[in-house]
Amino acid sequence: MPSEATKASNAGIVTAQTGERHIPESQRADGSTRKAIKIRPGYRPAEDVEVYKNRTAHAFQERQKRVGIPGSQGLKDDSSKAAEASSAASNKNAKRREARKKARATEEEEGPAAGATKTEEQQTTVDPEVEKEKRARNLKKKLKQARDLQNKKEGGETLLPEQIAKVIKINELIRELEALGLDADSERNDKPDTKGEGAEDEATGTRSMALHVQKRVYRKFPIAVMTPEEERQAALNSYRAKLIESREWEAKLKNLRLEIKELQKEFDKTEDNIKALQSVGQIIGEVLKQLDEERFIVKASSGPRYVVGCRSKVDKEKMKQGTRVALDMTTLTIMRMLPREVDPLVYNMSLEDPGQVSFAGIGGLNDQIRELREVIELPLKNPELFLRVGIKPPKGVLLYGPPGTGKTLLARAVASGLETNFLKVVSSAIVDKYIGESARLIREMFGYAKEHEPCIIFMDEIDAIGGRRFSEGTSADREIQRTLMELLNQLDGFDYLGKTKIIMATNRPDTLDPALLRAGRLDRKIEIPLPNEVGRLEILKIHAQSVSVDGDIDFESVVKMSDGLNGADLRNVVTEAGLFAIKDYRESISQDDFNGAVRKVAESKKLEGKLEYQKL
C-alpha cells in the first residue's frame with residue numbers, strides 16, 4: 001500500500017482558474033525520481049488506459065485491413081497476453097525472493113564455514129534463472145538492432161526478400177520475448193525489497209513496461225506477428241512479383257535485341273552506301289575466252305584486250321563467252337558479272353502488258369484457238385509429252401487473215417493465259433537507217449527472251465521485214481534483207497524444247513519470203529477468216545454484255561444485216577448503237593438503235609477495198 005506521503009504527493013496542487021492538478025517532482029519507492037506532471041480535470045488513469053487500449057487496437061486493425069497486412073489478430077489480444085505473462089513473471093519473482101530470504105536465514109544459522117562451502121558450490125553450479133536473464137537481454141539487443149534496420153529501410157509497401165527474412169526473424173524474437181521478456185525487464189525486482197510498500201508498485205510498473213514494449217513492437221513492426229502459413233504466403237507473393245518482373249525484363253531485352261538487329265542492318269546498309277560513294281569506278285568488259293580456272297581473256301569497252309584474273313567470290317562456271325563483266329580500274333581483275341546489255345527499244349517491248357484477255361472473250365474462232373494452243377501452250381506446259389512421243393515441238397506460228405479478225409487478240413489471250421513474259425514487236429520499228437543496227441536489235445531481242453523464259457515474242461506486221469528478197473533495190477532494201485537474214489538465223493538457233501515461242505501476224509501472206517515460211521521456222525500457218533453467221537452472233541453478244549439494253553434485243557436480226565463484217569466492225573456496231581441512245585437522251589440501247597447502227601457500219605464498209613490473197 002502507498003504511504004501517506006505518496007498519497008499527498010499524488011494529490012498535487014489544484015489550480016482554481018483552470019481546474020488542472022499539478023503533481024510536483026517526488027521520489028519513488030525504489031529511490032528513482034518522478035518528474036512533475038500536469039493532469040487535466042476529470043482525469044481517471046484506469047479509464048484512460050482502457051480507452052487508449054481499445055482505441056489503439058481498433059486503429060491498428062483498421063490499418064491492417066487497409067494496407068492488407070496478414071496477422072491482424074488485434075492489439076487487444078496481444079496486450080492481454082502480455083498482461084498475463086507479466087503477472088506470471090511477478091509471481092515467479094515473488095517466489096524467488098522468498099527462496100532467497102530463506103537461503104540467507106539458513107546461511108546465518110549455519111555460520112561462515114557453511115557459507116564458504118555454499119559459495120564454492122554456487123561457483124561450480126550455474127543458476128538457470130541467471131541464464132534466462134542473460135538470454136532475455138541478448139534478445140532485447142537483437143530486437144533493438146532489428147528495429148533500427150527497419151527504421152532505415154526506404155519507402156514502399158512491397159517488401160524485398162531480405163526485408164521479409166528480417167521480419168520473420170523479428171517474429172521469432174518476439175515469441176521468445178513473450179516467454180522471457182518479463183525476466184529481462186525485472187532486473188530491479190531482483191534487488192532486496194528494503195521498502196515493503198514498493199513491491200506492488202514494482203509489479204505494476206513491470207506490467208506497464210511489458211505493455212509499452214509490446215505496443216512499440218506492433219507500432220514499428222505491424223507485419224512482425226505472422227503465422228507460418230502467412231509467412232509462406234508472403235514469400236510466395238514476393239516470388240510471384242519477382243517472377244513477373246523478370247519476365248517483363250526478358251520481354252524488354254528481346255525487343256531491345258530486335259531493335260539492335262534492325263539498327264545493325266541499317267548500319268551495314270549505310271556503310272555500303274558510303275563505300276559505294278568513296279569507291280573508284282570500274283571498267284566494263286566482255287569475256288572472250290577462258291584460259292584456265294583463274295585467267296580469262298577480256299575485251300575492254302575501250303577496245304584493248306587483256307588477260308586478267310577473277311575474284312574468288314565470282315562464280316566462274318557462269319563465265320562464258322560474251323558475258324559482260326566489271327573490271328577493277330587498277331588491276332583489271334574481274335570483280336562481278338553484269339547482266340546482258342539490253343537496248344532501250346527492246347526493254348520497252350518487254351513492258352507491254354497483254355492484259356486480262358481470255359479465250360472466252362473471243363467468238364467464232366474455236367478451231368483457230370485449238371490449233372494455236374497446241375503449238376504454243378502445250379510445249380510450254382507439258383514438254384514431256386513431246387519427249388515421250390519423240391517429236392520436236394513447233395517453234396512458231398503464223399497468223400494471217402483480213403484486218404480486224406482478231407489476230408493480235410489471239411496472241412494476247414495466249415500470253416495472258418500462260419502468265420509468261422510478253423514481247424510485242426512492231427516490225428517497222430526494227431528497221432534502222434544505219435547498217436547493222438536492225439540486226440543487232442534482233443539479236444538482243446532473242447537474247448532477252450532466252451534470259452527471261454518462258455517468253456512469247458509477238459511480231460505484228462511481219463511483212464515489213466519478211467518480204468520477198470530480190471536482186472534489185474536500194475540500200476534501204478538491202479538493210480531490210482540483212483535484218484530478215486538475222487531473223488532466220490535466230491529461228492534456226494532455237495532450242496527445240498526451249499520456253500521461247502514466236503507468233504507472227506500479217507494480212508499479206510503472199511508477200512512473205514518463202515525462206516521464212518518453210519517448215520522448221522514457222523511450222524504452222526493458221527488462217528483467221530471473216531466470221532460466219534454463228535461467229536458474228538457470238539461476237540455481238542460478247543460486246544453487248546457490258547452495255548445497258550432496253551428490253552430483249554433480237555441479235556439474230558442484227559446479225560443477218562451484218563454480212564461481210566469482221567469482229568472489229570461488230571464492236572463498232574455496239575458503239576454506234578450507244579451513240580444513238582445518247583443522242584436521244586436515253587440511258588439504255590433499244591432494238592432500233594442496233595438496227596440503225598448496223599446499217600451505218602455496213603454503208604461505211606463499202607468504202608474499203610476487198611483483200612484477196614492465196615491461202616497458204
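Readers should treat all values here as calculations from the given coordinates under stated rules, not as data from a laboratory. Worth saying up front: this structure is predicted, and the values here are computed from it rather than measured. Because the Cβ atoms are built from the backbone with ideal geometry, glycine has one as well, and the counts that use them run over all protein chains shown.
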Before we move on, is Leu385 over 15 Å from Ile503 (Cα atoms) and of a type outside the set (Phe, Trp, Tyr)?
yes
I want to confirm something. Restricting to the range 230-250 and keeping residues that are of a type in the set (S, T, N, Q) and touching a residue at least 24 places away in the same chain (Cβ under 8 Å), which single residue is surrounded by the fewest Cβ atoms within 10 Å (Cβ to Cβ)?
Gln233
Residue, farthest from Leu537 (Cα to Cα), within the range 352-390, restricted to residues that are in a loop (DSSP other than H, G, I, E, B) and of a type in the set (Asp, Glu):
Glu352
Residue ID - surrounded by the most Cβ atoms within 10 Å (Cβ to Cβ), chosen from residues in the range 457-472 that are in a loop (DSSP other than H, G, I, E, B) and of a type outside the set (D, E, K, R):
Gly466
Among the numbered conditions (1) free of Cβ contacts under 8 Å to residues at least 40 places away in the same chain; (2) out of contact with any Lys or Arg (no Cβ under 8 Å at 6 or more places or on another chain); (3) under 19 Å from Gly364 (Cα atoms), tell me where Asp593 comes up short.
(3)
Test Leu522 against the criterion of being crowded, with 18+ Cβ neighbours inside 10 Å, of a type outside the set (Phe, Trp, Tyr) and within 30 Å of Gly467 (Cβ to Cβ), and give yes or no.
yes
Okay, helices (runs of 4 or more DSSP H) sitting entirely in the range 554-612 with 3 or more residues that are of a type in the set (Val, Ile, Thr), I get 567-583
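Here is a yes/no grid of residues against (1) under 24 Å from Ala515 (Cβ atoms); (2) of a type outside the set (Phe, Trp, Tyr); (3) in contact with a helix residue (DSSP H, G or I) (Cβ under 9 Å, 6 or more places away or on another chain):
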| site | (1), (2), (3) |
| --- | --- |
| Gly417 | no, yes, yes |
| Met459 | yes, yes, yes |
| Ile465 | yes, yes, yes |
| Asp477 | yes, yes, no |
